[in-house]
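Contents: one structure, followed by commentary.
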Amino acid sequence: MTEADSDIIKPEMLKAYVWLQTSDGSIQQVEQEFAMYCPFICQEIQAGMGSSKNYPISLPPRVNPAMLSLILDYCRFHQVPGRSNKERKSFDEKFVRMDTKRLCELTSAADSLQLKPLVDLTSRALARVIEGKTPEEIREIFHLPDDLTEEEKLEPIKNTMDDPRIRLLNRLYARKRKELKERERLKTAEAEEEHADERSVDDLLSFINGSNEDSRGTRTSKTKKKNRKRKDHHKTAPPNCTSTSNITSCSSNSVNMDKKELDARHSMYSNPLLHGKLLTDVCNATKLLDIEDDGLAAEDEFDDCDLDDDIDPALKEQIDREVEDFARRLNSDWPERMQEILSLGQQRRPLQVTINGNGSLRRFTSLDQRQK
Amino acid sequence: MKQREPTTKVPYNSKNEVDIISNLPGHIIDKILSHLSLRDAVRSSILSNKWRYKWVTLPHLVFDNQSVLVSTQDQTLVKNKLVNIVDHVLLLHAGPIHKFKLSHRDLQGVSDIDRWVLYLSRGSVKEFILEIWKGHRYKLHSSIYSYQKLVHLELFNCLLKPPSNFNGFKSLKSLDLQHITMDQSEFEKIIASCPLLERLTLMNFEGFGLLNIRAPSLLFFDVGGVFEDVSFVGTFNLAVVSIGLYVNNGIERNLGFGTGNLIKFFACLPHIQRLEVQSFFLKYLACGIIPGKLPTPCLDLSYLSIRINFNDMEENMAALCLLRSSPNLQELELLARTEEQNTAFGAPNIVENFPSFSFSQLRLIKIIGISGIKQELNFINFLLLNTPVLEKMTVKPASTDSGWELVKELLRFRRASMFAEIVYLDP
């Protein structure tokens, strides 16, 4: 073996081997042509390492023997020329079928060997695990500590850069909280035990409605666009005819929203009538916080002043004005739209219940079917 | 402050269950987040302490139906909700935004988009995609024309009006315009002032009818719409062209010009590799003089797809001219425009009298949508006789009407290639 080692870089040495040492100290001999697929190992070989058992390439600590053997399996398959894309794809698909713990380890190991295609593959697989799951589910799968309190989940955004935009946003959030608090007080807050915060936090992000299948929804919509692009279908209706408006049949299966949230929403949406039109959109904007959590609303210690890092009164006043401006800007729209909002104020209420339904997905798929 | 009940924590924090994913290097977490929809990515902020601010530096922001789900009928409410979400994400986001995509089926071209376009103009957006699926054309805010870092621009249902001091997109490589309105001169200016433009897609445009394409770097051109004329200037690298003319009339006006459209069209396409002639564009090409052969053959052309009316003599001649000028063709697709072919009179059999020539490379032929009329069969016969290396000819009729008769005819034809198989597909 040692004789061959000096010539190791020569391409004609087809069956050359290289010595690798993993984090646990064990050393093994592997085919060089496969190991070379990892840039890290390739660089080490070029630096003259790994040619004998006495000078093994010591792999980064994140590569343990089990991961190394997985990575070599991957390299062995992909190093063989002449495989079709389909074959490679189906290999990759099977390859990442493993528990998430191993998947994380593999991602980490592949990253430390700079094996980019495998890092892409595994991080995509990890994303698929996360996709569409509730935070509670994700925490359980990955054993994430649930170390954020409800308040922290709503805490103002850190303003390390002293970004005025964040300052405005924080003020807006704070004001929102205060209003919510007031309202809650009037309502003689119902039991404030914590309830599934996840769903409401989703709401908070206004990205509600998720069902695990929504990725499918998009894929079909992509197809739709493709169809649209086909020139021989040039009779496709002008874009304004493809409007979904007539299909937006509101799903009524939003029952999974719990009653308390509904109450919160209702009180919020009646807000415009109470607080005047200017606040309408501010409320909408910060809806995320609103509907969030009854426990929070009962908190007393929140105050506007907490949020601005010791600002003098003059500046404070100016910021207040900015907040008003910001609110107005959120609201900036045509006057007739304003009228609409006002007149719809009442009728809108019953519609709120639909926000949490998973009907939207069905709606989009049915739309796509229609278009085909 | 109210703390979480400890009971929920216990099962997940026992010692042997380590939180591996959060300890992955930052760039990997970024990568994982980038594979998620914006909605899932933003939601990650409430997972745990370590995840709180991970998403805010995501360079790609995609607002589409997957990332922003709103289900309500009330248009005002939908609009407000969507607008608020985009406002929020842009406010919370930190760091560069490389890609911004707004394509939500329920969002009309509201004026709120203006301020996002303006806001993004201060950054360094490389990819900008705006698709307005409902309502009227959205007049794009003029600050879009100052995006200097733009590499890919995609617009759907927009009205474009570049300011007079528009200097072009110096880095733009790919431009995709669909259902747009703009002036003739502005269109030409935009195309001409993107020196690196490699891909151009134009579908269903209004406001201009002459496609004067002056783009020296152009490699890929996909167009479909109603236009009067198309001409290329200096597009010597153009390799892939797909072109469809959506109307069957108004082309005749070009008759009487010196050279005829066929010669003119190919003059600036010396390196074309793939060509799709769609809808009625063959009719355009057949206007004016149809030579037996192009002055300069298309030596690089390996794939050709033509939509043709087999009953139209000019179209047949134009197609034959094209075939004869493509000695290295490997794949050919012929799509019949059956809807017009039903006219009772048949064109004379020009194929029979056409000087035969051999396709030395042609291996695959697809013939789709035929009805079994004589002209089609003549054409098939002609192809089979002149393709010595043909491997496969696929024939798919438009309907079952012709049925066995067509199959019988196909069986009878002599084939120059001893390896050729003929595959008959049911309609």
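Go ahead and run the numbers for FRET between residue B:236 and residue B:30, Cβ-Cβ distance against an R0 of 60 Å, rounding to 0.05. Display every interim value, and only then the final one.
On the way: r = 41 Å, r/R0 = 0.68.
Using R0 = 60 Å, I get an efficiency of 0.90.
Considering the options B:65, B:164, B:109, tell which one lies farthest towards the positive end of the dipole of region B:59-208, charges being +1 on Lys and Arg and -1 on Asp and Glu at the Cβ, about the Cα centre.
Result: B:164.
How much FRET efficiency would the formula 1/(1 + (r/R0)^6) give for residue A:87 and residue B:185, where r is the Cβ-Cβ distance and R0 is 60 Å, rounded to 0.05? Provide the component values of the computation, followed by the final result.
Values: r = 52 Å, r/R0 = 0.87.
Computed FRET efficiency for residue A:87 and residue B:185 comes out at 0.70.
Give me the percent of Cα-Cα pairs in chain B that sit more than 43 Å apart, rounded to a whole number.
Values: 29982 of 90951 pairs.
Counting every Cα pair in chain B, those more than 43 Å apart make up 33 percent.
Per DSSP H run of n ≥ 4, the term is -39500 (n - 2.57); total these for chain B, divide by its residue number, and report the mean residue ellipticity at 222 nm rounded to 500 deg cm²/dmol.
Working: 13 runs with 110 residues, N = 427.
Using -39500 (n - 2.57) per qualifying helix, the result is -7000 deg cm²/dmol.
In which sequence would A:69, B:146, B:417, B:185 go, from the one with the fewest C-beta neighbours within 10 Å to the one with the most? Please list the in-between numbers first.
Values: A:69 13, B:146 16, B:417 19, B:185 10.
Going from sparsest to densest Cβ surroundings: B:185, A:69, B:146, B:417.
Across bins of 5 angstrom width beginning at 0, how are the C-alpha pair distances of region B:59-208 distributed, in whole percent?
Percent of Cα pairs in each bin: 2, 9, 19, 24, 21, 13, 8, 3, 1, 0.
Would you mind ranking B:64, B:426, B:229 by Cβ crowding within 10 Å, fewest neighbours first? Could the numbers behind the result be given before it?
Values: B:64 22, B:426 6, B:229 17.
Final ranking by Cβ density, sparse to dense: B:426, B:229, B:64.
Would you list B:368, B:144 from fewest to most Cβ contacts within 10 Å?
By the 10 Å Cβ count, ascending, the order reads B:368, B:144.
Please find, in a Gaussian network model of chain B (springs between Cα atoms separated by less than 10 Å), the residue of B:27, B:60, B:271 whose mean-square fluctuation is greatest.
In the Gaussian network model the winner is B:27.
For each pair in A:133/B:134; B:79/B:139; A:176/B:50; B:54/B:173; B:99/B:134; A:94/B:392, compute the distance between the two Cα atoms and list the pairs where it is over 24 Å. Walk me through the numbers before you get to the answer.
Details: A:133/B:134 31 Å; B:79/B:139 17 Å; A:176/B:50 26 Å; B:54/B:173 31 Å; B:99/B:134 22 Å; A:94/B:392 35 Å.
In this structure, A:133/B:134; A:176/B:50; B:54/B:173; A:94/B:392 exceed 24 Å between Cα atoms.
Distance between the C-alpha centers of region B:154-199 and region A:93-130? Whole Å please.
So the two Cα centres are separated by 41 Å.
When you take every Cα atom in region A:2-130, what is the radius of gyration, and what is Dmax, the widest Cα pair distance, in Å?
Taking only Cα atoms of region A:2-130, I get Rg and Dmax of 15.0, 51 Å.
Distance cut-off 19 Å, Cα to Cα: go down the list B:374/B:408; B:101/B:170; A:89/B:126; B:293/B:374 and report the pairs above it.
Numbers: B:374/B:408 13 Å; B:101/B:170 21 Å; A:89/B:126 30 Å; B:293/B:374 24 Å.
Checking Cα-Cα distances, B:101/B:170; A:89/B:126; B:293/B:374 exceed 19 Å.
What nm distance separates the two modelled labels at residue B:57 and residue B:98, each placed 7 Å from Cα along Cα→Cβ?
Computed distance between label sites residue B:57 and residue B:98 equals 1.3 nm.
Quick note: the coordinates plus some simple rules give every number you see, no bench work behind them. Owing to the predicted nature of the structure, the values given are computational and were not obtained by experimental measurement. No Cβ is skipped: glycine too gets one built from the backbone with ideal geometry, and neighbour counts run over all protein chains shown.
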